[in-house]
Ligand SMILES: *Cc1c(COP(=O)(O)O)cnc(C)c1O
């Protein structure tokens, strides 16, 4: 086993669910296959997620056997933690500030996280992270980074992966992939998986596809990781409704395009207005932006809240003088800007 998987995970056997009707029909070569839809919500979902994996494989030109599914990508991150962290000597590396959800990952197994401060431009410090990775089992690298919105580019990531030992698994968390992927230099991370590198790429239907309430995320991973993941996860972790909703969302390019365009427009408007008002912003490639409000942000975010506008004060996210604002619809952006101007006047 080339990865630093927990020994008990290596020994674990897979749960064998009953054969789904669809799978049996497929193997028997029947063409009249009824799609898993609202009419079949009384039966267990396809534990293998066959149709969704096939749709993801064809959309991204990947082998469906390299896909894993989760109850949101949060679940995938959590299961990876269970696979790799088992005691006080086990550690994973993450940035700081970075995605808050990584924080609880080592607590149940009694392991630890190593947090690496971002650089002066709020980007992951890949040199420092690579140095820490040598003593770890796992690295969580979100790109774009939440909460900063910054990205690391292909050349920097290539160097980073060359510097990290092969038996350390690097989890590239691309929850905001669709918002960032057109940016020149944004990494073609799936090529790492195709090339057999020690990389897992996680993505989600929660952000650009707008299906957060449905809970479905996915990842592309090396064969040994897919194998172990499928033994550790719950067999029916992605429900039937989520599987069909995700397949439908993957086919709706128009909706995705309009979401991305609306986000770009709103992000541009907020950044421009902030510049006019004399507040700097962090260059973001996600669907939120951090504004340096030049003071502890609680009072300002409370004042916005009283006007019915919810933003995240940065001190809880590791950004002590920022607020993080999610890009809403054009009307919501206008309402935020109006409220911001009035509370800072
Ligand atoms: C939102 C988010 C996720 C998790 O999303 P799910 O809804 O669980 O799929 C993972 N990583 C980052 C960086 C996020 O911002």
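The set of residues in region 57-70 being surrounded by 13 or more Cβ atoms within 10 Å (Cβ to Cβ) and assigned to a loop (DSSP other than H, G, I, E, B) consists of 62, 63.
Suppose the filter is out of contact with any helix residue (DSSP H, G or I) (no Cβ under 8 Å at 6 or more places or on another chain), surrounded by 14 or more Cβ atoms within 10 Å (Cβ to Cβ) and modelled with pLDDT of 95 or more; does residue 92 pass it? So residue 92 does not fit the description; no. Within region 99-115, the residues that satisfy the criterion of being within 16 Å of the ligand (Cβ to nearest atom) and either buried (at least 21 other Cβ atoms within 10 Å of the Cβ) or free of Cβ contacts under 8 Å to residues at least 60 places away in the same chain (or both) are 101, 102, 103, 104, 105, 113, 115. Within region 72-89, the set of residues being within 15 Å of the ligand (Cβ to nearest atom) and touching a helix residue (DSSP H, G or I) at 6+ places or on another chain (Cβ under 9 Å) comprises 72, 74, 76, 77, 78, 79, 80, 81.
Just to be sure, is residue 313 loosely packed, with under 14 Cβ neighbours inside 10 Å and in contact with a strand residue (DSSP E or B) (Cβ under 9 Å, 6 or more places away or on another chain)? So residue 313 fails the test.
Selection over region 206-225 of residues that are in contact (Cβ under 8 Å) with a residue 60 or more places away in the chain, within 13 Å of the ligand (Cβ to nearest atom) and out of contact with any strand residue (DSSP E or B) (no Cβ under 9 Å at 6 or more places or on another chain) gives a count of 2.
Just wondering, is there one or more residues in region 137-146 that are free of Cβ contacts under 8 Å to residues at least 12 places away in the same chain, part of a loop (DSSP other than H, G, I, E, B) and over 18 Å from residue 284 (Cα atoms)? No: region 137-146 contains no residue that is free of Cβ contacts under 8 Å to residues at least 12 places away in the same chain, part of a loop (DSSP other than H, G, I, E, B) and over 18 Å from residue 284 (Cα atoms).
Residues checked against (1) touching a strand residue (DSSP E or B) at 6+ places or on another chain (Cβ under 7 Å); (2) surrounded by 16 or more Cβ atoms within 10 Å (Cβ to Cβ):
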site	(1), (2)
246	no, yes
250	no, yes
254	no, no
257	no, no
262	no, yes
267	yes, yes
270	yes, yes
275	no, no
278	no, no
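The set of residues in region 117-139 that are crowded, with 24+ Cβ neighbours inside 10 Å and within 16 Å of the ligand (Cβ to nearest atom) comprises 124, 129, 138, 139.
Within region 192-205, identify whether any single residue is in a helix (DSSP H, G or I), within 14 Å of the ligand (Cβ to nearest atom), under 25 Å from residue 71 (Cα atoms) and within 11 Å of the chain's Cα centre (by Cα), and answer yes or no. No, region 192-205 contains no residue that is in a helix (DSSP H, G or I), within 14 Å of the ligand (Cβ to nearest atom), under 25 Å from residue 71 (Cα atoms) and within 11 Å of the chain's Cα centre (by Cα).
Among the residues of region 155-179, those identified as within 15 Å of the ligand (Cβ to nearest atom), buried (at least 22 other Cβ atoms within 10 Å of the Cβ) and touching a residue at least 40 places away in the same chain (Cβ under 8 Å) are 171, 173, 175, 176, 179. Of the numbered criteria (1) buried (at least 20 other Cβ atoms within 10 Å of the Cβ); (2) over 30 Å from residue 134 (Cβ atoms); (3) within 11 Å of the chain's Cα centre (by Cα), the one residue 209 fails is (3). Note on region 30-56: residues that are assigned to a loop (DSSP other than H, G, I, E, B) and modelled with pLDDT under 80 total 9.
The values are calculated or read from the model by the stated rules, or taken from the named source; none is laboratory data. Since the model is a prediction, treat every value here as computed from it, not as a measurement. Backbone-built Cβ (ideal geometry, glycine too); neighbour counts: all protein chains shown.
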